[in-house]
Amino acid sequence: MLVVDRVQRSFGPVAAVRNVSFQCERGGVVGLLGPNGAGKTTTMRMILGIYPPDSGSVTWNGKPIDRIVRKRFGYLPEERGLYAKMKVREQIAYFGRLHGMQEFDALKRADVWLARLDIEQYAKRPSGELSKGNQQKVQLACAVLHEPELLVLDEPFSGLDPVNAQIMLDCITLLRDEGTTFVLSSHQMWQIEYACNSFCIIGAGEVRASGTLAELRRTFPTRTVRVLPDLPEIRAVFTERGFGEPHYDADGTLRYELAASTDFGGLLRAAVAAGPLESFDREEPSLNQIYVRALDAAPSDGRAA
């Protein structure tokens, strides 16, 4: 288990991270979310032992992160960190050797990841000749070659088109299913919503909300209801209950934002009785909606805002 417990880190007068806590079980994926400058990368670097926290602690399986423990981790930084003139296959194997792998095993595993990431054709080319997206895939291979127990990925989808982003996501899912633990930061909400089983939203260095998606949704105050067709009798069902006028989607669907405590079953029955109802969809809030609301809210105790 990874446990980040009330860590703080300042750079001169700037408090980059303030009292951040979260944890992740083996094989879990925690999504670390927040705007640029929120403290995500600093938190990741404290997990990796690059920065010591000013206070608080980071432990892996109950032990502090030292050089021995760190060798069992993998890291994909947001910035490109490849040797531009070094050939791709050799470079991936080199990073494996830095983590203690024998050269033969490192090259063999490099071939596996070149195929898995669909970059076999670039094996003998210098890394600097590759596109940004393919360089990102090479960096992932470098990070995972030694089969780390914990993998820290800082903006792993950066520079990837939708097809290659899906390849990256499939690799994350595969490693997760094999027991790798992840700390994952991304601004691509739909991808991180699919990949992660818990989230920690940070704003201005502080935790604004945390928990599983189900837990975060339970604290969200509203739900969206979309209704078709647009009939006066159906609109009257909502108006009579004090829900006001609807918004309209581009296809003419009626859209209402209602309190989460609304009796949706009773509302549906009334709408069915009022007219020929084609659809009545209650939507749960998306991760993006939860994220925006958490950052707009005042800092809380670290649970869902």
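The values are calculated or read from the model by the stated rules, or taken from the named source; none is laboratory data. Remember, predicted model here, so these are calculated numbers, not experimental data. As a convention, Cβ positions derive from the backbone with ideal geometry for all residues, glycine included, and neighbour counts pool all protein chains shown. Just the protein is used for accessible areas: all its heavy atoms, side chains included, with ligands, DNA and RNA removed. Shrake-Rupley method; radii C 1.70, N 1.55, O 1.52, S 1.80 Å.
If we keep just the residues of region 187-201 that are assigned to a loop (DSSP other than H, G, I, E, B) and at pLDDT 85 or above, which is least open to solvent (accessible area, probe 1.4 Å)?
The qualifying residue least open to solvent (accessible area, probe 1.4 Å) is CYS196.
Kindly indicate whether any position in region 138-149 is touching a residue at least 12 places away in the same chain (Cβ under 8 Å), at positive phi, under 19 Å from the mean Cα position of the chain (by Cα) and in a loop (DSSP other than H, G, I, E, B).
No, region 138-149 contains no residue that is touching a residue at least 12 places away in the same chain (Cβ under 8 Å), at positive phi, under 19 Å from the mean Cα position of the chain (by Cα) and in a loop (DSSP other than H, G, I, E, B).
Answer yes or no as to whether ARG72 is modelled with pLDDT under 95, in contact with a Pro (Cβ under 8 Å, 6 or more places away or on another chain) and charged (D, E, K, R). Quick ask: steps written out before the conclusion?
Working: modelled with pLDDT under 95: yes; in contact with a Pro (Cβ under 8 Å, 6 or more places away or on another chain): yes; charged (D, E, K, R): yes.
The answer is yes for ARG72.
Where the second residue is part of a helix (DSSP H, G or I) and open to solvent by 40 Å² or more (accessible area, probe 1.4 Å) and the first is free of Cβ contacts under 8 Å to residues at least 40 places away in the same chain and lies in region 41-54, which pairs have Cβ atoms under 7 Å and are six or more apart or on separate chains?
GLY49/ARG70
Per-residue answers, yes or no, for (1) open to solvent by 50 Å² or more (accessible area, probe 1.4 Å); (2) in a helix (DSSP H, G or I); (3) touching a residue at least 40 places away in the same chain (Cβ under 8 Å):
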site	(1), (2), (3)
PHE238	no, yes, no
GLY244	no, no, no
GLY252	no, no, no
LEU258	no, no, no
VAL272	yes, yes, no
ASP281	yes, no, yes
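Suppose the filter is in contact (Cβ under 8 Å) with a residue 40 or more places away in the chain and of a type in the set (S, T, N, Q); does THR173 pass it? Walk me through how you get there before you give the answer.
On the way: in contact (Cβ under 8 Å) with a residue 40 or more places away in the chain: no; of a type in the set (S, T, N, Q): yes.
Judged against the criteria, THR173 is not a match.
In this structure, does PHE220 turn out to be of a type in the set (Phe, Trp, Tyr) and open to solvent by less than 30 Å² (accessible area, probe 1.4 Å)? Break it down into steps so the answer makes sense when it comes.
On the way: of a type in the set (Phe, Trp, Tyr): yes; open to solvent by less than 30 Å² (accessible area, probe 1.4 Å): yes.
Yes; evaluated as a whole, the condition is true for this residue.
Return a yes/no flag: does region 202-216 have any residue that is acidic (Asp, Glu), within 29 Å of LEU267 (Cβ to Cβ), open to solvent by 10 Å² or more (accessible area, probe 1.4 Å) and modelled with pLDDT of 95 or more. Even if it seems obvious, please write down each step before you answer.
Step one: of region 202-216, the residues acidic (Asp, Glu) are 206, 215.
Narrowing the set further to residues that are within 29 Å of LEU267 (Cβ to Cβ) leaves 215.
Now restrict to residues that are open to solvent by 10 Å² or more (accessible area, probe 1.4 Å): 215.
If we keep only those that are modelled with pLDDT of 95 or more as well, we get 215.
Checking region 202-216: at least one residue is acidic (Asp, Glu), within 29 Å of LEU267 (Cβ to Cβ), open to solvent by 10 Å² or more (accessible area, probe 1.4 Å) and modelled with pLDDT of 95 or more.
Count, please, the residues in region 173-186 that happen to be among the hydrophobic types (A, V, I, L, M, F, W, C) and open to solvent by 10 Å² or more (accessible area, probe 1.4 Å). Write out each step before concluding.
Step one: filter region 173-186 for residues among the hydrophobic types (A, V, I, L, M, F, W, C), giving 174-175, 182-184.
If we keep only those that are open to solvent by 10 Å² or more (accessible area, probe 1.4 Å) as well, we get 174-175.
Looking only at that region, the number is 2.
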